[in-house]
Amino acid sequence: MNKIFLIISGLFFMSITSGKAKDFILQSPDQQIRAKITVGKTISYELFYKNKQYLNPSRISLTLDAGVVLGQNVAVQSTKINRVNKLIYPVYGITSQLKENYNELELKCKGNYSVLFRLYNEGFAYRFLTAIKDSIIVKSEQSDFQFAANYQAYFHPVLSEASYRIQQIADYRQNPNYTSLPLLLKSADGINMLIHESDLFNYPCLTLAADSVKSHTLNAKFAAYPKIAEPGGYHNFNLVVKKTEDFIAKTTGTRNFPWRLIAFEEQDKDILANQLVYLLASENRLADVSWIKPGKVSWDWWNSLNLSGVNFKTGFNTDTYKYFIDFAAKNGIPYVNLDEGWSDQFNLLKVTEKLDMQELIRYAKSKNVKLILWCVWHTLDRQMTEALELFERWGIAGLKVDFMDRDDQVVVEFQEKLLKEAAKRKMLVNYHGAYHPTGIQRTYPNQINVEGVKGLEWNKFDKDGTTPLHDVTIPFIRMFAGSMDYTPGAMQNYNREDWKQIFDRPLSQGTRCHQLAMYVVYFAPLQMLADAPTAYEREPEILEFLSAVPTVWDECIPMESKVAEYVSLARRKGKDWYVGAMGSWTEKQLKIALDFLEPGKTYEAEIFADGKNAGRVGSDYIMYRKRVQKGDQLDIALASGGGWVARIKPQ
């Protein structure tokens, strides 16, 4: 007979014993999510949302060397419960303050380890903690996600840059049977579940594969620890793993392992404001963050340095970069990026003869513009101390680090090491060719952005490019993980029939306003202006908008949205509101209710909308202004591949 032996006030936790197994019941603060944790021969958990079960018993364990399995034949020595309800204030983010409200259960187990479970209103998470004196080898980790039904899943079938593949959980015969994270799942009744991880350090990333035996189950997969890695891939920019060890991690025995999490949202739009990944991350470890300045950056590589109407020959030369610097200075853009070519890719101390680097550094400083330098990750890793010391003397503001393209423990450790060393020298870091964010932006806020997404650059070299369908999918999946360097801002905009792939004169798919809306919809603290300065200067209305739009926010209000169809949301910075909407290839009518405005005030809305012929000529748009108040409703017509954006300021 079951016996309840402990109940905590508020009914957010109870423990039940049945034979040799013990069940622990934990609820979210709003009591909408419930976890049943069973401990005995194994550890498993079940999840319920609004009293309906979505995860059946799902096992978790860690296997160490010498055959030690944490989570097998478990003896609970003590339990500890904790309630937290407070406000936190991010250094920057999609909101200037964030409620941290959760109920927590810690099970301390025989064998010098614990398992921590948390329930937020946003979702569920668990992690292992060890207190072992010596270092340990982690041979494998079991993290099963056994769902109650064969839900629809948005698999991401490569590490970081791909379109999504929609399948069912049970479709294990798909090639490859692999997804990187985050993973979005949709139940038949429309509930959204997102699997991800947070607070990842000194450990490989979690990926998933469909189980070929267990019904409706996803199993954890991890990159093995590299034993031999050699230069390879594109221009030898990668270090390609040739041989691995028979384990996934070697690490200190006293540590916290990464959080494994599942977020729940009933409506698609609410995914856009779910910050569970950030909430689970460790707090800021940098003593001084005053120098960390989010903002926009003028980027050279997308537009192939194609300035027009200037009195010099453009290309990789000092005059061209001075023009970029002048453009940034005139328009309040704090950064200019120097991409591939400023140095020998395998020797960061050897600057190309095509540039007068010292003159550029002097010129940028005279214009109050800061420089960001691109580099190959394994070159920087090899030359880290001398390169960072040189960049510090130059006054470089940040690094764009590329071509990691792995998610094993070695690369994860590199990223943290660089963030620490860069912070000592007050440098920002933007990771490209990288695995998806795991909350580290909270811990090291000098990680100013992460690519980890199939972004605008794919229109330069891929026959399919990045489509509006893809563009309205990633806000609900990839952006759940954290900031996203999609690199928007293309000024050559084409419909589906006319678009083609051109490397040196690239085109975007969809309308001009589709691109503009990305500056509101996509969260990117270091946000690129991908096209050439002269392309923006020919469109002063657009340039003024792009100069003004913030990159970090005080408030986020999701609006009418549907995964892979359309997205709309409002963001506030100070007293100004920005509203963005984007659609797929299908035309769409939306209604935007301005209920978020302050009552009794009149605002002026500056609106950029698809022109009547934008479906044929993507660059067709209209800009107009109108007075609005709280309670007003704006009718939005999105063309095929369309967009809409507004800046709303109090009069």
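The values are calculated or read from the model by the stated rules, or taken from the named source; none is laboratory data. Because the structure is a prediction, the values reported are computed rather than measured. Note: ideal-geometry Cβ built from the backbone for every residue, glycine included; neighbour counts use all protein chains shown. Just so you know, the surface numbers come from the protein's heavy atoms only, side chains and all, with ligands and any DNA or RNA stripped out. Shrake-Rupley method; radii C 1.70, N 1.55, O 1.52, S 1.80 Å.
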For region 573-631, which strands (runs of 3 or more DSSP E) that fit wholly inside it have 3 or more residues that are buried (at least 19 other Cβ atoms within 10 Å of the Cβ)? 576-583, 603-610
Pairs needed: first member in region 368-386, over 16 Å from Ala434 (Cβ atoms) and without any contact (Cβ under 8 Å) to a residue 40 or more places away in the chain; second member anywhere, β-branched (Val, Ile, Thr) and surrounded by fewer than 21 Cβ atoms within 10 Å (Cβ to Cβ); C-beta distance under 8 Å; at least 6 residues apart or different chains. Leu371/Ile361
Could you pull out the residue among Asp23, Asp30 that is outside any strand (DSSP E or B), farther than 16 Å from Leu261 by Cβ and either modelled with pLDDT of 95 or more or open to solvent by less than 30 Å² (accessible area, probe 1.4 Å) (or both)? Asp30
With the checklist (1) outside any helix (DSSP H, G or I); (2) free of Cβ contacts under 8 Å to residues at least 40 places away in the same chain; (3) crowded, with 23+ Cβ neighbours inside 10 Å in hand, flag the one item Leu261 doesn't pass. (2)
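Within region 505-517, is even one residue among the charged types (D, E, K, R), within 22 Å of His470 (Cβ to Cβ) and over 18 Å from the mean Cα position of the chain (by Cα)?
Initially, region 505-517 is screened for residues among the charged types (D, E, K, R), giving 505, 512.
Among the residues that remain, those that are also within 22 Å of His470 (Cβ to Cβ) are: 505, 512.
Next, from what is left, pick out any that are over 18 Å from the mean Cα position of the chain (by Cα): 505, 512.
Yes, region 505-517 contains at least one residue that is among the charged types (D, E, K, R), within 22 Å of His470 (Cβ to Cβ) and over 18 Å from the mean Cα position of the chain (by Cα).
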The lone exception for Asn613 - which of (1) within 27 Å of Thr473 (Cβ to Cβ); (2) in contact (Cβ under 8 Å) with a residue 40 or more places away in the chain it fails: (2)
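Output the residue which, of all residues in region 200-215 that are open to solvent by 50 Å² or more (accessible area, probe 1.4 Å) and not basic (Lys, Arg), is nearest to His378 (Cα to Cα). Break it down into steps so the answer makes sense when it comes.
Initially, region 200-215 is screened for residues open to solvent by 50 Å² or more (accessible area, probe 1.4 Å), giving 202, 212-215.
Still in the list and also not basic (Lys, Arg): 202, 212-213, 215.
Numbers: Asn202: 18, Ser212: 37, Val213: 40, Ser215: 41 Å.
Checked region 200-215; the qualifying residue nearest to His378 (Cα to Cα) is Asn202.
Looking for something under 30 Å from Tyr54 (Cα atoms) and out of contact with any helix residue (DSSP H, G or I) (no Cβ under 6 Å at 6 or more places or on another chain) - is there at least one such residue anywhere in region 246-253?
Looking only at region 246-253, we keep the residues that are under 30 Å from Tyr54 (Cα atoms), and these are 248.
Those left that are additionally out of contact with any helix residue (DSSP H, G or I) (no Cβ under 6 Å at 6 or more places or on another chain): 248.
Scanning region 246-253, I find at least one residue that is under 30 Å from Tyr54 (Cα atoms) and out of contact with any helix residue (DSSP H, G or I) (no Cβ under 6 Å at 6 or more places or on another chain), so the answer is yes.
Yes/no matrix, rows are residues, columns are (1) under 19 Å from Leu272 (Cβ atoms); (2) small (Gly, Ala, Ser):
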{"site": "Ser584", "(1), (2)": "yes, yes"}
{"site": "Ala593", "(1), (2)": "yes, yes"}
{"site": "Pro599", "(1), (2)": "no, no"}
{"site": "Ala609", "(1), (2)": "no, yes"}
{"site": "Tyr621", "(1), (2)": "no, no"}
{"site": "Lys630", "(1), (2)": "no, no"}
{"site": "Ala637", "(1), (2)": "no, yes"}
{"site": "Ala646", "(1), (2)": "yes, yes"}
{"site": "Gln651", "(1), (2)": "no, no"}
Selection count where residues are in contact (Cβ under 8 Å) with a residue 24 or more places away in the chain and not in a loop (DSSP other than H, G, I, E, B), scope region 325-366: 20
Does Phe222 qualify as being open to solvent by 10 Å² or more (accessible area, probe 1.4 Å) and touching a helix residue (DSSP H, G or I) at 6+ places or on another chain (Cβ under 8 Å)? no
Need pairs with beta-carbon distance below 6 Å; first residue under 18 Å from Glu386 (Cβ atoms) and of a type in the set (Lys, Arg) and within region 416-433, second open to solvent by less than 10 Å² (accessible area, probe 1.4 Å) and in a helix (DSSP H, G or I); sequence gap 6+ or separate chains. Arg425/Leu388
Those strands (runs of 3 or more DSSP E) lying entirely in region 64-157 with at least 1 residues open to solvent by 20 Å² or more (accessible area, probe 1.4 Å) and polar (S, T, N, Q): 76-88, 98-109, 136-146, 152-155
In this structure, does Ala639 turn out to be open to solvent by 10 Å² or more (accessible area, probe 1.4 Å), at pLDDT 95 or above and either on the phi > 0 side of the Ramachandran plot or not basic (Lys, Arg) (or both)? yes
Quick check: anything in region 161-169 over 24 Å from the mean Cα position of the chain (by Cα), assigned to a loop (DSSP other than H, G, I, E, B) and surrounded by 16 or more Cβ atoms within 10 Å (Cβ to Cβ)? no
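Answer with yes or no whether Tyr178 is touching a strand residue (DSSP E or B) at 6+ places or on another chain (Cβ under 9 Å) and either open to solvent by 40 Å² or more (accessible area, probe 1.4 Å) or among the acidic types (Asp, Glu) (or both). Before the answer, list the steps.
Numbers: touching a strand residue (DSSP E or B) at 6+ places or on another chain (Cβ under 9 Å): yes; either open to solvent by 40 Å² or more (accessible area, probe 1.4 Å) or among the acidic types (Asp, Glu) (or both): yes.
It is true that Tyr178 is touching a strand residue (DSSP E or B) at 6+ places or on another chain (Cβ under 9 Å) and either open to solvent by 40 Å² or more (accessible area, probe 1.4 Å) or among the acidic types (Asp, Glu) (or both).
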Provide a single number: the residues in region 297-324 that are surrounded by 18 or more Cβ atoms within 10 Å (Cβ to Cβ) and either modelled with pLDDT under 95 or in a helix (DSSP H, G or I) (or both). 5
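Every residue in region 232-255 that is open to solvent by 80 Å² or more (accessible area, probe 1.4 Å) and touching a strand residue (DSSP E or B) at 6+ places or on another chain (Cβ under 9 Å), please. If you could, list the steps in order and put the result at the bottom.
Start the filter on region 232-255 by keeping residues that are open to solvent by 80 Å² or more (accessible area, probe 1.4 Å), which leaves 234-235, 242-243, 246, 250, 254.
Those that are open to solvent by 80 Å² or more (accessible area, probe 1.4 Å) and touching a strand residue (DSSP E or B) at 6+ places or on another chain (Cβ under 9 Å): His235, Lys242, Lys243, Asp246, Lys250, Thr254.
Being over 23 Å from Pro29 (Cβ atoms), in contact with a helix residue (DSSP H, G or I) (Cβ under 7 Å, 6 or more places away or on another chain) and either of a type in the set (S, T, N, Q) or open to solvent by less than 40 Å² (accessible area, probe 1.4 Å) (or both) is the filter here; which residues of region 269-296 pass it? I'd like the intermediate steps shown before the answer.
Going residue by residue through region 269-296, those that are over 23 Å from Pro29 (Cβ atoms) are 284-296.
Restricting the remaining residues to those that are in contact with a helix residue (DSSP H, G or I) (Cβ under 7 Å, 6 or more places away or on another chain) gives 284-286.
Residues satisfying the conditions are Asn284, Leu286.
Among the residues of region 64-103, what is the count of those that are of a type in the set (D, E, K, R) and touching a residue at least 40 places away in the same chain (Cβ under 8 Å)? Spell out the reasoning first.
So in region 64-103, the residues of a type in the set (D, E, K, R) come out as 65, 80, 83, 86, 99-100.
Okay, now just the ones that are also touching a residue at least 40 places away in the same chain (Cβ under 8 Å), so 65, 83, 100.
Number satisfying all stated conditions: 3.
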Filtered residues of region 202-224 (kept if under 19 Å from Ala434 (Cβ atoms) and either among the aromatic types (Phe, Trp, Tyr) or free of Cβ contacts under 8 Å to residues at least 40 places away in the same chain (or both)): Tyr203, Phe222
